[in-house]
Structure formats: structure tokens, C-alpha cells
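The values are calculated or read from the model by the stated rules, or taken from the named source; none is laboratory data. Keep in mind that what you see is a predicted model, and the values were worked out from it rather than measured. Cβ placement follows ideal geometry from the backbone for every residue including glycine, while neighbour counts extend to all protein chains displayed.
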Amino acid sequence: MIYLLTIDWLLLLEKLILIAVVVMASLVIAMYETYAERKIAAFMQDRIGPNRAGIFGILQPLADGMKLFFKEEIIPNSSNKILFVLGPSLAMLTAMMTCAVVPWSGDVNLFGRTISLQIADVNIGILYVFAVVSLGIYGVMIGGWASNNKYSLLAALRGASQVISYELAMGISLIALLMMTGSLSLKTIVEQQMQSHWNILYQPLGFLIFFVCALAECNRTPFDLSEAENELNMGYHQEYSSMKLGFYLFAEYVNMFVSSAIMATLFFGGYDIPFFNESAHADLGNWLALFGIICFMLKIGIFIFLFMWIRWTVPRFRYDQLMNLGWKKLIPLALANMLVTGAVILWLHK
Amino acid sequence: MITLTNRAKPVDRKPMTFIESIYLWNIFKGMMITLKHFFRKKVTLQYPEQTRPFSPVFRGVQILNRDEEGRERCTACGLCALACPAEAITMEAAERMPGEETLYREEKYAAKYEINMLRCIFCGFCEEACPKDAIYLSETFAPSAYNRQNFIYNKQDLLIPDPETQPEQFAEAKGLREKSKKNNN
């Protein structure tokens, strides 16, 4: 009982509210990413895109979601029922979990309390992100295997080997960054960038490798081999219908949002306002945090646009091309980047 | 190799250079092309609100014409049915009774006149065959129905609105025709 009294209930409440807000926000953003994807695809193909539901088709994602909810739910007879349901749930869960360590903005003062706009400032932030993102592929694998369908299984295998290949290069490209920052906490990394320059200036190659690998991790074109429509009939979610399919599709968009957030945090200063010295304007208080969020969202938006822009430009890689690029190009490049960074750091400290 | 034309282009099978093999530069070039299209004028036609202008010789769904006093022009001579290559038209003739002079222009009229729109190929031969200027092809197109029976258009479906009782609808139906006639010249 004494233990209950020692808990900081207000902190718990504040974190719970923050979790609810972050989860809702990422879901809504993922919803409107589908709309943005359709609009951008249309514009790049000289079309107009959805424009019937509401002005400019702004209600289209709602209509799409409703449609998915009302569809018949089919679980194949020969599938493994538990795993079949677990697959999309896991995909969605891991997609949402990554948000926990992203620092959305600086501290806010409300009702005399200093509230950190980050759910958990763990000192191993990046490791946590990596762990959860790698878990994300379990959703694809379990779903593909449980469907008891050869196409799904093939897609699951492809997805798994793709993630293994690209996570390596991603990790190595990040080591170079971590050697510079000396910290795994995302908040610390952002604060360092606010004081000096954005990491992209020091690690352009590292960012490029990270970005390519992020495309592969999110299963986005040109690396969407695990859901290749024309060779594998939509791949791992072929047997899925209704909102279980929706979860898979949705998880992809949430992943895109989160990986954009991670990239903005690691390389583009996170919630840092460009060309503006935050520490000199501490009197702005909560406004500073608000502008921070807006800047962060803008950066994320640019990344999301970039993701979609690439999707509607580049065709899918062949499987051997994918593996060649991963193992023979990106990993050596990342290794070289790491070695050079290490050497330069050593030289500067002498 | 001897080629028939000088347009044949040999396939370049050189191995990729390093720049090409990391794809980035070529992908960037491709992205510039899609970006150009992003800001280009869109070609979409918002169909129900906007329609594409028809060619002057457009042939749509048939309309049965009336004369200036609103009397049906058709005399059920059967030339249109004879001319129809798809055998879509069928009709039954009847004799005009005294007192029906305001309804029918001549002594004989079509009591039943049906066109099967599933058979019709919109060739316009009926329009050409008609000696009485009683049938012509309008600019209405894409008839839709839920069953086959509703695709058999009867006389009520085909007749132009009466200029005496429904002047506005008649003017509208006529105007479409006049417009396309004007384009014709």
C-alpha cells in the first residue's frame, strides 16, 4: 500500500494522455497518408485523384476505412487461426510501438508542471527502435505463413530475407552517426543538433544509406517485394480481408510515418526550428514547443512525400538486384563510411 | 545484320558502371520527370459535370420526331426496320381514326414502335432510310438499365416531348439536335 502512495500519479496520467494523443495522431496521419498517396500518385500520372468525398476528397480515407470495416471477414479453413489473427495485430502493434521513444518537441509547462513531449526518454532509444522495427517483420512472416498459401509464404520469406539484408546496412550506417553523437538517446541526439549543426551535414552518405534501408524496411517501392502485386498476388496479405487486411495496409503507413520521424530526428534536427536559436528565446515558453512540433511535422511531411514520390517513379527491383544492392553495394559503403568517420574522429581528438 | 528500316536501335548490353549500379543518379533523373508531371495540367474530364464535346456526326440513342404541331411523323412504313442491319427495330402499324388528326400527321401511324438497345449498333441507317424525317439519332448515349427488358425502348421512351404541352423539354431536345446540325455545316 505504501508503494501505491509513492507512485507519481500525475506523471502516470500525463504519460497516459501523451500515449493516447500520440497513438491517435499517428493513426490519423496514417489515414491521411493513404489520401496523400492517392493524390500524389494521381498528380504524377496527370490525373486528379479522389475528389468526390468532401471537398477535394478530404473524406476519402474515412470512406475507405468504412468500406474495409464492412467487408466480409474471411479466415481460410486451412489456415492456422490463431497465427492468422496474430499476424496483422503484430504488424499494427509494432508499428505503433516505435512512436514511444520519438521526442515530439521540447518541454511544455502546464499547470506548474514541466511535461516532456516524449513518452519514454530511454537511454537506448535507437536500439529500442531497431528492436521494434525488426519485430515488425514478424507480422508479415506470421501472416504469410498462417495463410497456408504458397504465394503468401514466398512473400513472407522474401520479406524476412529483405529485412535481414537491409537492417545490417542500416545498423552500420547508424554506427557512424552514433560514434559522433556518443549517445543512443534520441532526445540527446536532437539537443546536440540544436546546439551545433544537423547531422546530415556530417553524415550525408550515412543518411543516404539509412534512407534506402528505411525504404526497404517499410516495404515501400522499389523494395516492396513481399507484396509484389503482379508476381505474388499481393503477397503476404493475399488471404486477408476486411479490417485485418486494413491493419496490414495501415501498418505500412504508420511505419512510413515513424521511419520519417526517426530520420528527421537523427539527421535533420528533430524538432529543431531551422535558422533559429531556441536557447536564446527561452522566454517564448510553450510557443517554442508548439513551433517545434510544427517544424518536426513539416520535416516528416517532406519525408513522406519523398517516400511517395519514389514509389510513383521507380519500378520494383528484381530479387537478385535487391540482394546485390543490399549486400554488395550498401554494406561495403556503410562499412567504409563507418571507418572514415572513426578515423576522422580519432584524428580530430589527437 | 541487314535491317528493313533504319529505325532499329541496337540494344545496349554494356555492363553497368558503378554509378549506374547504385541506381541513385538514374533514380534521381526519373524523379525529376515525375516531378515535372506533378505540376502539369491534368487531363481528367470530370464526367457528369463536364462532358466531352461530341463530333458533329455523333450517333446516339434514337428519337422519334414530331412536326411543328406536335403530331407524330412516323407512318410505320417499316423502312427503318428494313434498313436496320442489327434487326433491332420492330413496329406495328395502325390506321388513324377520325378525331386523331392532332396526334398523327398521316393516315397511318405506328401503334407500337420498339428498338432493342442491346441489338442496336448506332449505325444511323434508320435515320438515313426514313422518308418522313421521323427518326434521328440524338446525342444521348450510354443507356443503362438493370435488366434486359428495360433495354427494349418503346414508343414512349423514344418520342420527342410534345411542343404543345411540354415546350421546354421539346426545345431542349430540339436544341441539342440543332446544335449538332450547326456543327455539321
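With farther than 30 Å from residue A:275 by Cβ and buried (at least 24 other Cβ atoms within 10 Å of the Cβ) as the only criterion, which of A:162, A:238 stands out?
Of A:162, A:238, the one residue that is farther than 30 Å from residue A:275 by Cβ and buried (at least 24 other Cβ atoms within 10 Å of the Cβ) is A:162.
Being more than 14 Å from chain B (Cβ to nearest Cβ) and not aliphatic (A, V, I, L, M) is true for just one of A:65, A:57, A:49. Which residue is that?
A:65
Suppose we keep only residues that are crowded, with 24+ Cβ neighbours inside 10 Å and of a type in the set (Ser, Thr, Tyr) within segment A:165-174. Which one would you say is nearest to residue A:244 (Cα to Cα)?
Ranking the candidates gives A:166 first.
Consider residue A:272 against the criteria (1) within 14 Å of another protein chain (Cβ to nearest Cβ); (2) touching a Cys at 6+ places or on another chain (Cβ under 8 Å); (3) of a type in the set (D, E, K, R): it satisfies all of them except one. Which criterion is unmet?
Of (1) within 14 Å of another protein chain (Cβ to nearest Cβ); (2) touching a Cys at 6+ places or on another chain (Cβ under 8 Å); (3) of a type in the set (D, E, K, R), only one is false for residue A:272: (1).
Please pick out the residue among A:240, A:271, A:236 that is farther than 23 Å from residue A:100 by Cβ, out of contact with any Lys or Arg (no Cβ under 8 Å at 6 or more places or on another chain) and in a loop (DSSP other than H, G, I, E, B).
When all the criteria are applied, what remains is A:240.
Does residue A:290 satisfy the criteria of being more than 21 Å from the chain's Cα centre (by Cα), part of a helix (DSSP H, G or I) and either surrounded by 14 or more Cβ atoms within 10 Å (Cβ to Cβ) or away from chain B (no Cβ under 14 Å) (or both)? Explain how you work it out, then say what you get.
Values: more than 21 Å from the chain's Cα centre (by Cα): yes; part of a helix (DSSP H, G or I): yes; either surrounded by 14 or more Cβ atoms within 10 Å (Cβ to Cβ) or away from chain B (no Cβ under 14 Å) (or both): yes.
For residue A:290, the condition - more than 21 Å from the chain's Cα centre (by Cα), part of a helix (DSSP H, G or I) and either surrounded by 14 or more Cβ atoms within 10 Å (Cβ to Cβ) or away from chain B (no Cβ under 14 Å) (or both) - is met.
So, in segment A:315-350, exactly how many residues are loosely packed, with under 13 Cβ neighbours inside 10 Å and within 14 Å of another protein chain (Cβ to nearest Cβ)?
5
Can you tell me which of B:18, B:28 is without any contact (Cβ under 8 Å) to a residue 24 or more places away in the chain, more than 36 Å from the chain's Cα centre (by Cα), within 25 Å of residue A:318 (Cβ to Cβ) and surrounded by 10 or more Cβ atoms within 10 Å (Cβ to Cβ)?
B:28
Just wondering, is there one or more residues in segment A:13-24 that are touching a residue at least 24 places away in the same chain (Cβ under 8 Å), away from every other protein chain (no Cβ under 12 Å), under 14 Å from residue A:249 (Cα atoms) and surrounded by 14 or more Cβ atoms within 10 Å (Cβ to Cβ)?
Checking segment A:13-24: not a single residue is touching a residue at least 24 places away in the same chain (Cβ under 8 Å), away from every other protein chain (no Cβ under 12 Å), under 14 Å from residue A:249 (Cα atoms) and surrounded by 14 or more Cβ atoms within 10 Å (Cβ to Cβ).
From A:91, A:155, A:131, which residue is surrounded by fewer than 16 Cβ atoms within 10 Å (Cβ to Cβ), out of contact with any strand residue (DSSP E or B) (no Cβ under 6 Å at 6 or more places or on another chain) and modelled with pLDDT of 85 or more? Give the derivation first.
Values: A:91 fails: surrounded by fewer than 16 Cβ atoms within 10 Å (Cβ to Cβ); A:155 fails: surrounded by fewer than 16 Cβ atoms within 10 Å (Cβ to Cβ).
Criteria check complete, one pass: A:131.
If you go through segment B:72-128 one residue at a time, how many are closer than 24 Å to residue B:151 by Cα and among the charged types (D, E, K, R)?
Of the residues in that region, 9 qualify.
Select, from B:73, B:59, the only residue that is within 29 Å of residue B:47 (Cα to Cα) and basic (Lys, Arg).
B:59
Please find, within segment A:32-46, the residue that is nearest to the other protein chains (Cβ to nearest Cβ) out of those that are surrounded by 15 or more Cβ atoms within 10 Å (Cβ to Cβ) and without any contact (Cβ under 8 Å) to a residue 12 or more places away in the chain.
Ranking the candidates gives A:43 first.
Tell me the residue from B:120, B:126, B:130 that is modelled with pLDDT of 85 or more, buried (at least 16 other Cβ atoms within 10 Å of the Cβ) and more than 24 Å from residue B:69 (Cα to Cα), please.
After ruling out the rest, the residue left standing is B:120.
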